[in-house]
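A short worksheet on the structure shown next.
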Amino acid sequence: MALDGERDLWWVKTNEKVYGPYTGAQMSRFIIEGRVAGTTKVSTKPDGEWNEARYCRAFRAALHEGRTTFHVNKAERRSEAAQANMLIWSDIITGAGRRVETELRTLGLVAEVTPGLFMLRTHKTAGAVRNAISQALGTGDKVLVIDASRDRLAWFNLGPETDARIREVWNAPLPETLQTA
């Protein structure tokens, strides 16, 4: 099945867990960010007809751009080599907290600031940390990764509304009235 609807809502199936719904634009961003690969199972239905993203016309351009970005972006690879300080907020409702903490410890030095809030010193990027942690999460668990050293942000499973609100604010120019205050 070759899906091509940019207006469609999409679901993603990873490790037998289903996430979504996401818009076509969100899915394209996930592909470019490396959160969805060509072999990732996607569907326009939350319960069926799963196909690999590479077979969906709607994602061909994003998959090509994502591959090009992945192979060409030397600055991103260099930034992964530099050390960074990160804050990781998690809302774990499935009992996966120990797995998340164990995963964090494989990524670098970790301190739990308060329950669900960790500080991490690592060589990884915010996206790489988010991707590693997401493998330990259960359905409904949420994570937000703030790279304080590189001014980057990554998140997982916060929902489409929160995704939109974050994108509206992160790196947006401040109004002139706030710039001079």
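Just one of (1) in a strand (DSSP E or B); (2) closer than 27 Å to GLU16 by Cβ; (3) in contact with a helix residue (DSSP H, G or I) (Cβ under 8 Å, 6 or more places away or on another chain); (4) open to solvent by 30 Å² or more (accessible area, probe 1.4 Å) fails for ILE146. It is (2). Scan the stretch 84-104 and give yes if some residue there is touching a Lys or Arg at 6+ places or on another chain (Cβ under 7 Å), more than 30 Å from LEU9 (Cα to Cα) and touching a residue at least 40 places away in the same chain (Cβ under 8 Å), otherwise no. Yes, the conditions are met somewhere in the stretch 84-104. The residue that is farthest from SER90 (Cα to Cα), among those in the stretch 123-143 that are assigned to a helix (DSSP H, G or I), open to solvent by less than 40 Å² (accessible area, probe 1.4 Å) and not hydrophobic (A, V, I, L, M, F, W, C), is GLY127. Residues of the stretch 91-122 that are more than 26 Å from PRO46 (Cβ to Cβ), open to solvent by 50 Å² or more (accessible area, probe 1.4 Å), out of contact with any helix residue (DSSP H, G or I) (no Cβ under 6 Å at 6 or more places or on another chain) and not in a strand (DSSP E or B): ARG98, THR102, ARG105, THR106, PRO115.
Candidates in the stretch 4-22 are the residues that are open to solvent by 20 Å² or more (accessible area, probe 1.4 Å) and modelled with pLDDT under 85; of these, the one that is farthest from ASN157 (Cα to Cα) is ASP4.
The values are calculated or read from the model by the stated rules, or taken from the named source; none is laboratory data. Since this is a predicted model, take the numbers as computed values, not measurements. When we count neighbours, we look across all protein chains shown, and the Cβ atoms used for this are built from the backbone with ideal geometry, even at glycine. To get the accessible areas, we keep the full protein, side chains included, count just its heavy atoms, and leave off ligands, DNA and RNA. Shrake-Rupley method; radii C 1.70, N 1.55, O 1.52, S 1.80 Å.
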